[in-house]
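Reading through the structure tokens given below for one structure.
The values are calculated or read from the model by the stated rules, or taken from the named source; none is laboratory data. Given the structure is predicted, the values throughout are model-derived calculations rather than measurements. With ideal geometry, Cβ positions are generated from the backbone for all residues, glycine too; neighbour counts draw on all protein chains shown.
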Amino acid sequence: MNIASRQQRGVALLVVLWVLALLSLLLGGLAGWVQLESRQALWLRQNTQALMAAEAGMNMAGQGLLDPAQRKRWIADGRLVSLRMDDTQLLVSIRSERGKLDLNSAPVADISRLLQACGAAKNQASGIAQVLEEQRNGGQSPLRVVEEV
């Protein structure tokens with residue numbers, strides 16, 4: 001064997017090793033991409049199932065409020081009602097909008113009674129209600145959040 005054929009075999013071995021290294025990098029990248037796509041598909045599936053379960057819970061609650069036979073179970077006072085939908089456990093709560101007080105339009109007496117029910121002293125509650133009434137009549141912009149009081 002001469003020296004030229006030995007050098008060619010050495011070069012061929014290096015080329016094969018480089019090709020194997022590049023192929024392994026490509027396959028590693030492909031495996032990472034497939035794993036990422038799999039995770040994203042799983043997240044999308046779980047998110048869609050959660051949204052569908054929430055919508056089903058809302059629809060069942062609405063139907064329960066309209067059905068006179070189920071009216072005892074569905075009371076709009078905030079209590080939790082346990083529902084089962086396929087393999088999903090739901091906890092649904094309904095609250096009436098009538099139980100809320102608009103601070104921008106409610107009478108001073110109602111605001112004072114609400115503050116007393118929350119634990120304020122009578123003179124403190126009437127003082128806060130009077131300040132709120134002065135703010136409303138002073139031409140200021142309406143309150144957007146309770147913290148503005």
Selection count where residues are closer than 29 Å to Gly78 by Cα and assigned to a helix (DSSP H, G or I), scope the range 101-123: 11
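Identify, from the list Leu65, Leu91, the residue that is at pLDDT 90 or above, within 30 Å of Gln49 (Cβ to Cβ) and within 29 Å of the chain's Cα centre (by Cα).
Being at pLDDT 90 or above, within 30 Å of Gln49 (Cβ to Cβ) and within 29 Å of the chain's Cα centre (by Cα) holds for just one of Leu65, Leu91, which is Leu91.
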Scanning for something within 30 Å of Gly127 (Cα to Cα) and of a type in the set (S, T, N, Q), does the range 73-87 turn up at least one residue? no
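Consider Gly29 carefully, then state whether it is over 30 Å from Val145 (Cα atoms), part of a helix (DSSP H, G or I) and at pLDDT 90 or above. It would help to see each step written out before you state the result.
On the way: over 30 Å from Val145 (Cα atoms): yes; part of a helix (DSSP H, G or I): yes; at pLDDT 90 or above: yes.
It is true that Gly29 is over 30 Å from Val145 (Cα atoms), part of a helix (DSSP H, G or I) and at pLDDT 90 or above.
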Qualifying position, being among the hydrophobic types (A, V, I, L, M, F, W, C), surrounded by 10 or more Cβ atoms within 10 Å (Cβ to Cβ) and out of contact with any Lys or Arg (no Cβ under 7 Å at 6 or more places or on another chain), among Ala69, Ala41, Ala76: Ala41
Given the criteria of a type in the set (Gly, Ala, Ser) and touching a strand residue (DSSP E or B) at 6+ places or on another chain (Cβ under 8 Å), does Ser105 qualify? no
Any residue in the range 73-87 that is of a type in the set (A, V, I, L, M, F, W, C), modelled with pLDDT under 90, under 30 Å from Gly139 (Cα atoms) and part of a loop (DSSP other than H, G, I, E, B)? no
List, please: which pairs have Cβ atoms under 6 Å, are six or more places apart or on different chains, and start with a residue in the range 35-54 that is under 18 Å from Leu90 (Cα atoms) and end with one that is of a type in the set (Val, Ile, Thr)? Ala53/Thr88
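Quick check on Arg98: is it loosely packed, with under 10 Cβ neighbours inside 10 Å, assigned to a helix (DSSP H, G or I) and without any contact (Cβ under 8 Å) to a residue 40 or more places away in the chain? Give the steps one after another, and end with the answer.
On the way: loosely packed, with under 10 Cβ neighbours inside 10 Å: yes; assigned to a helix (DSSP H, G or I): yes; without any contact (Cβ under 8 Å) to a residue 40 or more places away in the chain: yes.
When the stated conditions are applied, Arg98 passes them.
Whether any residue in the range 39-53 is part of a loop (DSSP other than H, G, I, E, B) and closer than 30 Å to Ser96 by Cβ is what I want to check. Explain how you work it out, then say what you get.
Start the filter on the range 39-53 by keeping residues that are part of a loop (DSSP other than H, G, I, E, B), which leaves none.
The answer is no; no qualifying residue exists.
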Is it fair to say Ile128 is touching a strand residue (DSSP E or B) at 6+ places or on another chain (Cβ under 9 Å) and not basic (Lys, Arg)? no
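Answer with yes or no whether Arg95 is closer than 28 Å to Leu65 by Cα and either of a type in the set (Lys, Arg) or touching a strand residue (DSSP E or B) at 6+ places or on another chain (Cβ under 8 Å) (or both). Even if it seems obvious, please write down each step before you answer.
Working: closer than 28 Å to Leu65 by Cα: yes; either of a type in the set (Lys, Arg) or touching a strand residue (DSSP E or B) at 6+ places or on another chain (Cβ under 8 Å) (or both): yes.
So Arg95 fits the description; yes.
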